[in-house]
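**Q** There's a structure below that I have some questions on.
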Amino acid sequence: MLGIFHSLSLKSRIALIFAISTFIPMMFTVIFSYYSMSDILTNKLHDSIQSNLQQVRLSMENTIDDLNYVSQQIAYSENIVFKLNAYLVMEQGYQRAKYYDDVKKELNLITFSNPNIGLSLVYMENDRNYLFNSHGVKEGFRLRNDPLLIEGYEMHNFGPHVSMERYNEGYVLSTIRQLNITDREDIYVYLESNFDLTKNLLREARNVDETSYLLVDDANKVIYSGNKQFTYGTSFLANSNVKAGKEAGHYWFREVTSRGWSIIALIPIAEYQQEVNHWVKQMIYFAILFVSLSLIIALLLWKTLYKPLNQFNNEIHLMKNNNFTSEVIQTNIPEFRELTTQFRHMKKQIASLINEIEHKERKRADLEVEKLVHQINPHFLMNTLDTARWLVVSGDKKEATNLLTSLNKILYYNMGKLGFLSTLEEELDSMEQYIKLQQIRYDFEYSLHASVPQAVLHSPVPRFILQPIVENAIYHGLVDEGNLEIEIRLADDMIILKVKDDGRGMPKEKVDAILAGDSYQQSKNGMGIGLNYVKRILERTYAHKATITMESKMDEGTIVILRIPYIKGGSTDD
């Protein structure tokens, strides 16, 4: 031991001496606090017993309530009472047998739907006969079984008593209730609980193996006893206002029910003290084990983990500052080498996931834009093909040919290439084809003003940004006729595209709602899908560098202005 001590570093020796110096006083503290610990554990045991007694009380009260409720359902069932009355007064025959079957089915339906109900039957006290029993019945059936637990006007609760069900020797609770049968006051419904009270409830609630239970009425008379020292009918000499105490070599604990009778748990004093001492010993052993383990773990932590953990913490801080490449941990401990390898692998995965998330976000934006494109196309195609059908029907084949030619060019432009980018020249051509197509359907004029250098026409722009604005101008701006003016110019490295109509216009509140992206208001105004697509595609392509503005006056028209960055012509791949 001395050799091991001298081989330790100065810090480790200090830690060991400090641990030993605290261990000895701690052990004396544990030993001398025995009585205090005993009091704590005694209170804990008391609380546990009282809690279990409370659960027993609630279970018994719930069982009684279930029995009373089912008996009430039967007694207040006009159908059961009527058919039972008819059965009793009718002579033998088919109809009497049918009444018997009907009553039995209804009784089974009520009792079987409640799992707490065991034996059930209808008993005629004067005849000492029973009907409609759900299970076999013992010979010498008794309607009233001691003890009487609760006495009511037409309903009484009994128990615990031995079950009247054949082959069942368990203790149950029972309820009888008088049925309102004409000229008969001796007919009762009899119900039993569906469990062995002493096995399923009282035995499972024991805190100590030798625990026994009593039931006493409001006069402290024993009405059920599981202990030979306290016989049925004797007085339990205890103050009903006290919940615990000592009596005849037992600790007792009381739980009073809402109806006045009480449940009492009896534990022999020797068993009770043995249980407390067992708990105290366990606590002492646990304290010794805990202190020993603490000393060993403290030495190991001090000796081998402080430096690697400190280095590991530094590398975590580097990663927190977005430095995913620095490596500062140097250790010969195999576990830390494995941890370091896993951590560095995790850093690479995090960096990869960040890149993947960025890619997915871009992909999601693309899919949302594509979804909006598909939302626009069906509406446009439906109107165009409907117009073509009517032109063919009217015999205007030339106009139909022009319309379908323009439609073909628009579809080729929108779907004939991959990606979202095109050139400004191609976008203008597609827009002109769209206007020609719409002029066939509507009587309006338009003018196009383009004051941009030839090179700007080859500048890449998002595909399909002018047609939705022109469509809104035609459908929601112009009335029966009007002018549509399109102006394009270059200013400060920005391409400005202006679409103006002299239609009905709109109030400022509607303009603000459209620009604010209020999807509900947009759908009400009929302006949502197209402009929402243009806003999303500009945001996706140019972030915050591109803008869309609107100016409108009632009965004077609307102007939509797009400002997008000028990019020299080149590839149009997305």
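**Q** Given the Cα-Cα distance of HIS458 and TYR412 and 0.36 nm per residue of separation, how much length would full extension add, in nm?
**A** The HIS458-TYR412 span can extend by a further 14.7 nm.
**Q** Charges at C-beta only: +1 for Lys and Arg, -1 for Asp and Glu. How large is the resulting dipole of segment 62-144 about its Cα centre, in Debye rounded to 20?
**A** Its charge dipole is roughly 200 debye.
**Q** State whether segment 66-105 is rounded, prolate or oblate according to the following rule on the C-alpha gyration tensor (a ≥ b ≥ c being the square roots of its eigenvalues): a/c under 1.5 gives rounded; otherwise a/b larger than b/c gives prolate, and the remaining case gives oblate.
**A** In terms of gyration-tensor shape, prolate.
**Q** With respect to the cross-link table entries LYS360/LYS568; LYS83/LYS104; LYS510/LYS545; LYS320/LYS347; LYS535/LYS568, which display a Cα-Cα separation exceeding 18 Å?
**A** From the list (LYS360/LYS568; LYS83/LYS104; LYS510/LYS545; LYS320/LYS347; LYS535/LYS568), the Cα-Cα distance tops 18 Å for LYS360/LYS568; LYS510/LYS545; LYS535/LYS568.
**Q** What length, rounded to one decimal in nm, is gained on full extension from ASP492 through to HIS46, with 0.36 nm per residue of separation minus their alpha-carbon distance?
**A** Extra length available between ASP492 and HIS46 comes to 151.9 nm.
**Q** Shifting gears a bit: Kindly sort GLU61, GLU78 by accessible area of their heavy atoms, largest first, with the probe set to 1.4 Å.
**A** These residues rank, largest area first, as GLU78, GLU61.
**Q** What does the charge add up to near ILE80, with Lys and Arg as +1, Asp and Glu as -1, over the other residues with Cβ less than 9 Å from its Cβ?
**A** -2
**Q** Related question: Highest mean first, what order results for 337-346, 401-410 on Cβ atoms within 10 Å?
**A** 401-410, 337-346
**Q** Starting from the Cα of GLN54, step 7 Å along the direction of its Cβ; do the same at THR405; then give the gap between the two resulting points in nm.
**A** Those two pseudo-labels are separated by 9.1 nm.
**Q** Here's something else I'd like to know. Semi-axes of segment 62-177's equivalent ellipsoid from the Cα gyration tensor, sqrt of 5 times each eigenvalue, largest first, rounded to whole Å?
**A** 24, 16, 14
**Q** Let me ask you something else. How much of TRP261 can a 1.4 Å solvent probe reach, expressed as accessible area in Å² and rounded to 10?
**A** Number for this one is 10 Å².
**Q** Any chance you could look up the accessible area of SER113 with a 1.4 Å probe, heavy atoms only, rounded to 10 Å²?
**A** Number for this one is 90 Å².
**Q** Using protein chains only and a probe of 1.4 angstrom, how many square angstrom of VAL81 are accessible, to the nearest 10?
**A** VAL81 has an accessible surface of roughly 30 Å² with all protein chains in place.
**Q** Could you compute the net charge surrounding ILE181? Neighbours are other residues with a C-beta less than 13 Å from the C-beta of ILE181; K and R count +1, D and E count -1.
**A** Result for the neighbourhood of ILE181: -4.
**Q** Probe radius 1.4 Å, ligands and nucleic acids left out: which of TYR232, TYR99, TYR285 has the largest accessible area, and how do the rest follow?
**A** Largest accessible area first, the list is TYR285, TYR232, TYR99.
**Q** Enumerate the amide H contacts of GLY482 below 5 Å, restricted to partners 5 or more residues apart or on another chain; note that Pro and chain-start residues carry no placed amide H.
**A** Sorted by chain and number, the residues that satisfy this are GLU445.
The values are calculated or read from the model by the stated rules, or taken from the named source; none is laboratory data. Note that the structure is predicted; figures quoted are calculated from it, not measured. When we count neighbours, we look across all protein chains shown, and the Cβ atoms used for this are built from the backbone with ideal geometry, even at glycine. Heads up: the accessible areas ignore ligands, DNA and RNA and are worked out on the full protein's heavy atoms, side chains in. Shrake-Rupley method; radii C 1.70, N 1.55, O 1.52, S 1.80 Å.
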